[in-house]
1. Would you mind checking which residues have amide H under 5 Å from TRP104's amide H? H placed 1.01 Å from N; only 5 or more apart, or other chain.
2. On the principal axes of its Cα set, how long, how wide and how thick is the stretch 2-131? Give whole Å, largest value first.
3. Roughly how big is the chain's charge dipole about its Cα centre, with Cβ charges of +1 (Lys, Arg) and -1 (Asp, Glu), in debye to the nearest 20?
4. Which of ALA62, ALA19, SER33 sits farthest toward the positive end of the charge dipole of the stretch 2-131, with +1 on the Cβ of Lys and Arg and -1 on the Cβ of Asp and Glu?
5. Which residues' amide hydrogens lie under 5 Å from the amide hydrogen of VAL50, considering only partners 5 or more residues apart or on another chain, with H built in the peptide plane?
6. For the stretch 120-131, what does the Karplus curve 6.51 cos²θ - 1.76 cosθ + 1.60, with θ = phi - 60°, yield as ³J(HN,Hα) per residue in whole Hz, taken in order and with x for Gly and Pro?
7. Rank these for me by crowding, TRP72, TRP52, TRP104, going from fewest to most other beta carbons within 10 Å.
8. Which angle between 0 and 90 degrees, to the nearest 10, do you get for helix 56-72 versus the longest principal axis of the chain when only C-alpha atoms count?
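Bear in mind that the values in this text are calculations on the coordinates, not laboratory data. This structure is a prediction, so every number in the text was calculated from the model and none was measured. Cβ: placed from backbone, ideal geometry, glycine included. Neighbour counts: every protein chain shown.
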Amino acid sequence: MKYLLALLAVLGIIASTLALREHYRTEGDSPCSINERWDCGIVNHSPYAVQWGIPIAFFGIAGYLVMGALAWRRAYRLLLAAALAGLAYSLYLAHIEATVLGVWCVYCAISLADISLITLLALGATVASLFRTSPAAPVS
């Protein structure tokens, strides 16, 4: 399980890095400018793409690095807590894309799917570890 979760964390780092690259792009068309509903450039240049002066994609990279390290150490409970926080924020950003901006970012959608899968797998690993460590009930 740790290898799959670590691989998913790497996927999240890649998606976040591409979004960060898009944030700093100043020339040319966005490579993911598909149509009026899918345009990473609009999303990553919006005021919602920055928090405390730091691009949101940077927080994504840092978060996926932490989650990858937690997965590698098999710290599934901590991973689940981090993944739930990441999922909540990713859902908030998806809400902004859908209702405020009216434009979606391909990289953000990949990240949302990735953090959703990490959360589900971390939940499963946490529940499985609870059953493995609980003592057997005495038989009467």
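1. Under 5 Å from the amide H of TRP104: TRP38, ASP39.
2. Answer, in whole Å and largest first: 51, 28, 25 Å.
3. Working: 8 positive and 7 negative charges, 165 e Å.
For this selection, approximately 800 debye.
4. ALA62
5. Correct list: ILE56.
6. 5, 5, 5, 4, x, 5, 5, 5, 4, 5, 5, 6
7. Numbers: TRP72 14, TRP52 5, TRP104 20.
Lowest count first: TRP52, TRP72, TRP104.
8. 20 degrees
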